[in-house]
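Visitor: Have a look at this one.
The values are calculated or read from the model by the stated rules, or taken from the named source; none is laboratory data. Only a predicted model underlies this, so the values are computations on that prediction, with no experimental measurement involved. In this analysis, Cβ positions are derived from the backbone assuming ideal geometry, glycine residues included, and neighbour counts consider all displayed protein chains. Accessible surface is based on the protein model in full, side chains and every heavy atom, while ligands, DNA and RNA are left aside. Shrake-Rupley method; radii C 1.70, N 1.55, O 1.52, S 1.80 Å.
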Amino acid sequence: MSNTERIPVGIVGASGYGGVQLVRLLQDHPLVKIAYLGGDSSAGKPFCSLYPHLNECVDLVIEPIDLDKIASKCQIVFLSLPNGLAYQMAPQLLEKGCKVLDLSADYRFSNLDIYKKWYGGERQDQAIAATAVYGLPELYRDRLSTAQLVGCAGCYVTASLLAIAPLLKQGLVVPDTAIIDAKSGTSGGGRQAKVNMLLAEADSSIGAYSVGGHHRHTPEIEEICSELAGHDILVQFTPHLMPMVRGILATVYATLRDPGLVREDLITIYKAFYRNSPLVKILPGGTYPQTKWACGTNLCYLGIEVDQRTGRVIVMSAIDNLIKGQAGQGVQCMNIMMGWEETLGLPQLCFYP
């Protein structure tokens, strides 16, 4: 396919970390071309003025957000915006014939009452929201293949769900015993200046936040976990900020229904569950994932252990929060929506060390 035949793609909210990751990935994608970069406060600036290292490969100027113009230029639109903005734009873009992938929380919930409880806002797009497909390809690949609107899964949620999904889907654990202890790099907080993200504040320190079910990803995790388990369940989720730029490590604990299961049994079950998921890597027994392995890739590494003494399974999940947890997730969903190879244009090998 020549460059003129490539599918035109737009990114609204291109100036943030999620946006620049999308630019990087889409620039290298063989079947698309970036036709539009949009933003609000950065409108009128050359994209390379924000990210000078891209001076030689991205010559686009960030344009004001004009939905008519976006729709005239693009067949696919990524909304890389703060929560509460995508639902004001997506209905019009869909009406104009665009496929829309939202990287915020706006279209992740099937129940908009839950969304409004955690994120606020008055939604008038219930009919559109009902058509949205949850953007976690390993669990909803079939639905994504016919989707026009995708609400891409959150970063903590992706790491957590990929770790726990086989346990709940196969009924291997007592559901309400699930505990998720997750740790993220500072880039998960975005590019805006925040005191707790300053080097002097975050370096050489680890701290929990939003403890006791107060993190906004908690209801998202619980909604999908409940669907997997077939009934409502609660999950104990505690996030932590780590003194590193990128990466998430989520460690999931749950009580096994059958205390006779051993590690190798579960590794076999996980390999079968993810047999058609090329971006999920099940590690051999005794090997536990590190965020460095996933850095810069769209991979999820899963390590599995069983504590026979406590009767619990322990699953460790490592991803890059900006790639598999955000931009790469969106590209993976796009590939499936378009009927392309799922891994197209997605990095699968980190720079090490």
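Visitor: Under 21 Å between alpha carbons, and skipping anything fewer than 8 positions from K45 in its own chain: which lysines qualify?
Guide: Counting by Cα, and skipping residues close in sequence, K45 has these lysines nearby: K33, K69, K73.
Visitor: Separate question: Identify which of G207, G325, G303 has the largest mean-square fluctuation in a Gaussian network model of the chain, with springs joining Cα atoms closer than 10 Å.
Guide: So, out of G207, G325, G303, the one fluctuating most is G207.
Visitor: So what is the 222 nm mean residue ellipticity for the chain from helices alone, if each DSSP H run of at least 4 adds -39500 (n - 2.57) and you divide by all residues, rounding to the nearest 500 deg cm²/dmol?
Guide: Taking each H run of at least 4 residues, the total per residue is -8500 deg cm²/dmol.
Visitor: To continue, here is another question. Pick from I114, I304, I70 the residue whose mean-square fluctuation is largest in a GNM of the chain, springs joining Cα atoms under 10 Å.
Guide: For the chain, modelled as a Gaussian network with Cα springs under 10 Å, the answer is I114.
Visitor: By average Cβ neighbour count within 10 Å, what is the ranking of 218-228, 185-195 from highest down?
Guide: My ranking of the peptides, most packed first, is 218-228, 185-195.
Visitor: Find the Rg to Rh ratio for region 80-181, where Rh is the Kirkwood radius over alpha-carbon pairs and Rg uses the same atoms.
Guide: A ratio of 1.00.
Visitor: Determine, for each peptide in 150-161, 115-126, 264-275, the mean count of other beta carbons within 10 angstrom over its residues, then list the peptides with the highest first. Could you put the intermediate results ahead of the total?
Guide: Details: 150-161: 29.4, 115-126: 14.2, 264-275: 16.3.
The peptides rank, most packed first, as 150-161, 264-275, 115-126.
Visitor: Also, I was wondering about something else. Quick check on region 90-135: what are the equivalent-ellipsoid semi-axes from the Cα gyration tensor, as sqrt(5λ), descending, whole Å?
Guide: Working from the Cα gyration tensor, I get semi-axes of 18, 11, 9 Å.
Visitor: Let me ask something else about it. Sort 308-314, 32-38 by packing, meaning the average of other beta carbons within 10 Å per residue, with the highest value first.
Guide: So the order, starting with the most tightly packed, is 32-38, 308-314.
Visitor: Let me ask something else. Projected area of region 299-353, taken from the Cα convex hull and averaged over every viewing direction, in nm²?
Guide: Computing the convex hull of the Cα atoms and averaging its projections yields 5.6 nm².
Visitor: Right, something else. Rounded to the nearest 0.05, what FRET efficiency do A200 and T146 have when you use their Cβ-Cβ distance and R0 = 41 Å?
Guide: 0.25
Visitor: Using a 1.4 Å probe on the protein chains only, how many percent of the accessible area of region 285-341 belongs to carbon and sulfur?
Guide: That fraction is 45 percent.
Visitor: Take the alpha carbon atoms of the chain, find their radius of gyration, then divide it by 2.2 N^0.38 Å using N residues; give the quotient. Please report the intermediate quantities before stating the final value.
Guide: Numbers: Rg = 19.9 Å, N = 353, 2.2 N^0.38 = 20.4 Å.
That ratio works out to 0.97.
Visitor: Give the distance, in whole Å, between the Cα centre of region 140-170 and the Cα centre of region 230-249.
Guide: Spelled out, the Cα-based centre of one part sits 15 Å from the other.
Visitor: Full extension from Q308 to T343: what is 0.36 nm times the residue separation minus their Cα-Cα distance, to one decimal in nm?
Guide: 8.9 nm
Visitor: Amide H neighbours of V173 under 5 Å, at least 5 residues apart or on other chains, H built in the peptide plane: list them.
Guide: Amide H neighbours of V173, under 5 Å, 5+ apart: R257.
Visitor: Can you give me the C-alpha center-to-center distance between region 2-80 and region 293-353, rounded to a whole angstrom?
Guide: 24 Å
Visitor: When the expected Rg is taken as 2.2 N^0.38 Å, what fraction or multiple of it is the alpha-carbon Rg of region 161-304? Before the final figure, lay out each step's value.
Guide: Working: Rg = 16.3 Å, N = 144, 2.2 N^0.38 = 14.5 Å.
Relative to the 2.2 N^0.38 Å estimate, region 161-304 comes out at 1.12.
Visitor: Just how large is the dipole of region 80-203 about the Cα centre, in debye to the nearest 20, putting +1 at every Lys and Arg Cβ and -1 at every Asp and Glu Cβ?
Guide: 200 debye
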